[in-house]
Amino acid sequence: MVFDFLKGEFIDVISWLDDTRDTMVWRFDRRGQAIKYGAKLTVREGQAAVFIHEGQLADVFQPGLYMLETNNMPILTTLQHWDHGFQSPFKSEVYFVNTTRFNDQKWGTKNPIMARDPEFGPVRLRAFGTYAMRVSDPGKFLTEIVGTDGEFTSDEISFQIRNIIVQEASQVLAKAGIPVLDMAANLADLGKVIANAIAPKVAEYGLSIPEFYIENISLPEEVEKALDKRTSMGVVGDLNRYMQYNAAESMSQPGSAMGSAMGAGMGMGMGASMAQNMGPWGAQPGAAAATTPPPLPPATGKVWHLAVDGATSGPFTESDLARLAGEGRLTRATMVWTPGQDGWKMAAETELARLLDQVPPPPPKP
């Protein structure tokens, strides 16, 4: 009976089966019992066992099966002042450390990063991404971070790691000198620079960052809208000749809707333009002169073209535009173009603004 009682006071098997995905450190619960000299310690792959004896780091065991004896516990043997062959139970805290990777950890800039862009000047950037971390030095991680916590999860350290990442990312992005529009093509290189910058700091915690990714670097919403508008205006300028070609082609199709007065005027103007640019359209010599209508009389003063619902119309003189403005068919937002102008612009951004200022407002409701 005494033997059974004493046997129950000693621990002879120490191991840990992890059934969670976020536990980094787990303390073996010995419930006040002493560890039997010669007990079996099982450390599985992806684990390390750390012994803390009277508040001091004793031994660190890598994966394997151990018999806890003086020959494989050199530091603990020194702390206990054991002689070889002395078989005394001992009381130590045993912590199992998960040394596998903790993937898909999130990071992001809570506040914008101020940077100087060579094209846009001062800009505010935001960045976010993911990283993986693992415990590279179980002893250091336990003494520097965990302390006496019986169960330590990845969430308890991820906030501190995010702070380190954001601090280094802010400095790297601010000093990179890469234009904002080119950063998407350099995310991998920027990620390597940031990862190298944070490596020494996380190593002080006994951690390493085997993977680090920047998923996106973004501008403020209002700046992105301005860029979208700028891109759209560039596309409209490139499509101008394409729209004119489509309009001229539609004139030759049977049953086309180009019979209206505005459509006819636009068709004649575009047809003449296409004839000048593209040359003869397969007509026999002399036949073109007989079937082609005489050219339009030269317009006096500046003429304008309008773009409405994907189709262009014109040319219009200022008197024509005054009539269209009075009818509500020319507004400040209408896209207009005149020879010599750099691309399409809103009427309010051209000299037609003075013409629109003269248009009386709608009559008051009775």
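Since every read-out is calculated from the coordinates, none of them should be taken as a lab result. Please read these numbers as outputs of a predicted model, since none were measured by experiment. Here Cβ is always computed from backbone atoms with ideal geometry, including for glycine, and neighbour counts include all displayed protein chains.
Each principal axis of the Cα cloud of region 2-98 was taken in turn, and the coordinate range along them, longest first, works out to 40, 30, 24 Å. Summing +1 for each Lys or Arg and -1 for each Asp or Glu among the other residues whose beta-carbon sits under 15 angstrom from that of Arg44 gives -2. Each residue of region 25-37 is assigned a 3J(HN,Hα), and the resulting list reads 9, 9, 8, 5, 8, 9, 6, x, 7, 8, 8, 5, 5 Hz, derived from the Karplus form 6.51 cos²θ - 1.76 cosθ + 1.60 (θ = phi - 60°), x at Gly and Pro. Using Cα centres only, tell me the gap between region 158-176 and region 77-153 in whole Å. Taking the Cα centre of each part, region 158-176 and region 77-153 sit 17 Å apart.
Dipole magnitude for region 102-219: about 380 debye, using +1 per Lys or Arg Cβ and -1 per Asp or Glu Cβ, origin at the Cα centre.
The trypsin sites (Lys or Arg not before Pro) of region 316-349 meeting both criteria, a DSSP state outside H, G, I, E and B (loop) and at most 16 other C-beta atoms within 10 angstrom of the site's C-beta, are Arg329, Arg332.
With the largest listed first and rounded to whole Å, the semi-axes of the equivalent ellipsoid of region 152-209 from the Cα gyration tensor are 25, 11, 10.
State which entries of Lys110/Lys175; Lys229/Lys302; Lys225/Lys302; Lys40/Lys140 exceed 30 angstrom in Cα-Cα distance in the structure shown. Lys225/Lys302, as the Cα separations exceed 30 Å there.
In summary, the aspartates and glutamates within cross-link reach of Lys345, defined as a Cα separation below 14 angstrom excluding same-chain residues under 8 places away, comprise Asp238. Relative to the Cα centre, the charge distribution of region 43-110, modelled as +1 at Lys and Arg Cβ and -1 at Asp and Glu Cβ, gives a dipole magnitude of about 460 debye.
Expressed to the nearest 5 percent, the antiparallel share of DSSP beta bridges inside region 2-98 is 80 percent. The GluC sites (Glu not before Pro) of region 66-137 that meet both conditions, a loop assignment by DSSP and at most 11 other Cβ atoms within 10 Å of the site Cβ, are Glu119.
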